[in-house]
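The values are calculated or read from the model by the stated rules, or taken from the named source; none is laboratory data. The structure displayed is predicted, hence computed values, not measured ones. Cβ sites come from the backbone with ideal geometry, for glycine too, and all protein chains shown count toward neighbours. We work out accessible area using only protein heavy atoms, side chains counted, and drop any ligands, DNA or RNA first. Shrake-Rupley method; radii C 1.70, N 1.55, O 1.52, S 1.80 Å.
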Amino acid sequence: MLVIIEGADLVGKSTLGERLAARYRWPIIKIRWALRGDPEIETRAMATTTLAILRATQPNAVLDRAYFSWWAYAPALGYDASYMPELIGQFTGIEGARLILLTATEDELRRRYQREPDHYFSLEVILAANARFPSLLALLPPSLPHLHIDTTHTDAEAVYAQVEAFIGGT
């Protein structure tokens, strides 16, 4: 099973990923890339490579973000994301994949950012990405089951319990 955890920074992705990885003894895969040239070309290459690896290996793993994140972050960073629905729609053929989307309210993200500022993105970028993330769900292929959890008033234990129920306690 592949559990993909998506969402803006500060919503609890790493906490959930670490818990799942410990429970199932799955590796956490964090695919990151620094844009150096054309964002569309680089994102298409990252998506193609990610899909090829996942289809070939069918891993039991936690994927802490996928290229899907660019759907939410590109506009927040001033980039075009009009090609992303096509790339997101190509996420097929990965047996047992599940997507978990975590979000939080703007006020909650402000509190979390004040407590522990993000090292990569400004609060404004995180808020914009968080607001856009729910629209990702409509772009997912039907073959990719998904669960959306708002972590504002849901503690880590309750989030984990919801995810366990969703993935079936594999």
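If we scan the stretch 89-101, do we find a residue that is among the small types (Gly, Ala, Ser), touching a Pro at 6+ places or on another chain (Cβ under 7 Å) and in contact (Cβ under 8 Å) with a residue 40 or more places away in the chain? Yes, the conditions are met somewhere in the stretch 89-101. The set of residues from the stretch 51-74 being within 18 Å of the chain's Cα centre (by Cα) and of a type in the set (Val, Ile, Thr) comprises Ile53, Val62. Taking the criterion of being more than 17 Å from the chain's Cα centre (by Cα), under 23 Å from Glu164 (Cα atoms) and open to solvent by 70 Å² or more (accessible area, probe 1.4 Å), the residues of the stretch 1-50 that qualify are Ala22, Arg23, Arg25. Checking each residue in the stretch 113-144 for being surrounded by fewer than 20 Cβ atoms within 10 Å (Cβ to Cβ), in contact (Cβ under 8 Å) with a residue 12 or more places away in the chain, under 19 Å from Ile5 (Cα atoms) and not aliphatic (A, V, I, L, M) picks out Asp118, Tyr120, Phe121, Arg132, Pro134, Ser135, Pro141, Ser143.
Scanning the stretch 53-88 for residues that are open to solvent by less than 70 Å² (accessible area, probe 1.4 Å), at pLDDT 95 or above, small (Gly, Ala, Ser) and over 23 Å from Leu123 (Cβ atoms) gives a single hit, Ala61. Of the residues that make up the stretch 75-83, is at least one touching a residue at least 40 places away in the same chain (Cβ under 8 Å), in a helix (DSSP H, G or I) and either under 15 Å from the mean Cα position of the chain (by Cα) or more than 14 Å from Val3 (Cβ to Cβ) (or both)? There is at least one residue in the stretch 75-83 that is touching a residue at least 40 places away in the same chain (Cβ under 8 Å), in a helix (DSSP H, G or I) and either under 15 Å from the mean Cα position of the chain (by Cα) or more than 14 Å from Val3 (Cβ to Cβ) (or both). Here Arg98 fits the description: touching a His at 6+ places or on another chain (Cβ under 8 Å) and either of a type in the set (D, E, K, R) or open to solvent by 40 Å² or more (accessible area, probe 1.4 Å) (or both). Within the stretch 55-62, does at least one residue satisfy the condition of being without any contact (Cβ under 8 Å) to a residue 12 or more places away in the chain, more than 24 Å from Glu86 (Cβ to Cβ), assigned to a helix (DSSP H, G or I) and of a type outside the set (Val, Ile, Thr)? No, there is no match, as no residue in the stretch 55-62 is without any contact (Cβ under 8 Å) to a residue 12 or more places away in the chain, more than 24 Å from Glu86 (Cβ to Cβ), assigned to a helix (DSSP H, G or I) and of a type outside the set (Val, Ile, Thr).
Restrict the check to the stretch 93-105 and report whether at least one residue is over 22 Å from Val163 (Cβ atoms), part of a loop (DSSP other than H, G, I, E, B) and hydrophobic (A, V, I, L, M, F, W, C).
So far as the stretch 93-105 goes, no, none of its residues is over 22 Å from Val163 (Cβ atoms), part of a loop (DSSP other than H, G, I, E, B) and hydrophobic (A, V, I, L, M, F, W, C).
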